[in-house]
Amino acid sequence: MAVLMIVVGGSASRDLAKDLAGLLDCKYIQAATTRFPDGECYTRIDEEQMDDDVIIVQNTYPDGNLVEMFLLQDAVHRLGARSVTLVIPYFGYARQDRVFKAGEPESAKVMCKHLDPDCDRVITVDIHKEVVLDNFTHPHRDLKAAPVIAAYFKDKGIDLVLSPDIGAAGRAKTVGEAMGVPYDRLQKTRLSGTDVRIAPAAMDCRGKHVLIVDDMISTGGTIIAATQALKEAGAAGVSVACTHGVFVNNALERFAGSSLDALLSCNTLENAVSHISVAGIIADAVRDAQAGKW
Ligand code: R5P
């Protein structure tokens, strides 16, 4: 008998969950999530039972969405799920992946420890440090958005792909190679939580249309400084693509008056510019899991 799959969409990842169910040609259930008057999370899956392979799609950021994930995990287990795959497009707390100063928690590990008991498999997308996932005791896979970003910009007249720092240099290489254009990296020095200094690329940017790629945009400080440095270096155009558009403190508005030609993010976090879909790469990973490949 064929094993059935059901995709459950949490409130943080509705559109992506629906797209995933469409690609997998399986049933989609939207969790009915609301808030109690005191702000606590209430959620319910409107099913009598679910003896299928269940895929929960839900970001664990900000904190309220993490709590919703815990509740959904419990709910699907109580309904009898045969297996539970967590798809966490944007994994909260991944950046505190170690103790930087004595007295701090290892936050990313704490999250894994608490998500681990009620799941059988974990899928993330461009998690800040992949090693964080080794804290799960179950099979896990971090998917790379670089190929879908490259496909999106392939015919958009990009001459050069740059990363803002050495940390994202591998991403710029993957995107550049997939697009068949050169790649390089800028040099970033972080001055504060919101401000950074960017040193120019070794490669000549004059007259070129540059695509900057990064794993996430948070305050926008990195991208604003990089765009300014590239314009000063004579770039004809600057476009930006990130996997996770976190855009804290209305960062999207900071870009409204900037000289960017295009700003795009993947749909790991749903926002006004999240037009690059990672549903296809998640569907491939789920199919591989179903086929016993991981
Ligand atoms: C840093 O390691 C990340 O790759 C991003 O460059 C950074 O988180 C972006 O932050 P912001 O938008 O606040 O400059």
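Points to keep in mind about this one:
- Percent accessible area from carbon and sulfur atoms, the chain, protein chains only, probe 1.4 Å: 50
- Amide H contacts of Ala81 (H built 1.01 Å from N, under 5 Å, at least 5 apart or other chain): Met50
- J(HN,Hα) series, region 159-167, from Karplus relation 6.51 cos²θ - 1.76 cosθ + 1.60, nearest Hz, glycine and proline x: 9, 8, 10, 10, 9, x, 7, 5, x
- Per residue Cα convex hull volume in Å³ - calculated over the chain: 142
- Gyration tensor (alpha-carbon) shape descriptor, region 105-191, a/c threshold 1.5: oblate
- Radius 11 Å from Cβ of Ala279, net charge of other residues (Lys, Arg +1; Asp, Glu -1): -2
- The distance separating the Cα centre of region 100-142 from that of region 198-262 comes to 30 Å.
- J(HN,Hα) series, region 104-112, from Karplus relation 6.51 cos²θ - 1.76 cosθ + 1.60, nearest Hz, glycine and proline x: 7, x, 9, 4, 4, 5, 4, 4, 4
- Under 5 Å, built H, 5+ apart or other chain: amide partners of Gln187: Ala199
- Residues of region 147-265: accessible area per residue with a 1.4 Å probe, Å²: 44
- Close amide H pairs (under 5 Å, H built 1.01 Å from N) link Thr194 with no residue at least 5 positions away or on another chain.
- For region 255-269, putting each phi into the Karplus relation 6.51 cos²θ - 1.76 cosθ + 1.60 with θ = phi - 60° gives couplings of 7, 4, x, 8, 8, 5, 7, 8, 9, 10, 10, 6, 9, 5, 10 Hz, in residue order, rounded to whole numbers and with x for Gly and Pro.
The values are calculated or read from the model by the stated rules, or taken from the named source; none is laboratory data. None of the values given here were measured: they were computed from a predicted structure. Quick reminder, even Gly has a Cβ in these numbers, built from the backbone with ideal geometry, and neighbours come from all protein chains shown. Side chains included, ligands, DNA and RNA excluded: accessible areas come from the protein's heavy atoms. Shrake-Rupley method; radii C 1.70, N 1.55, O 1.52, S 1.80 Å.
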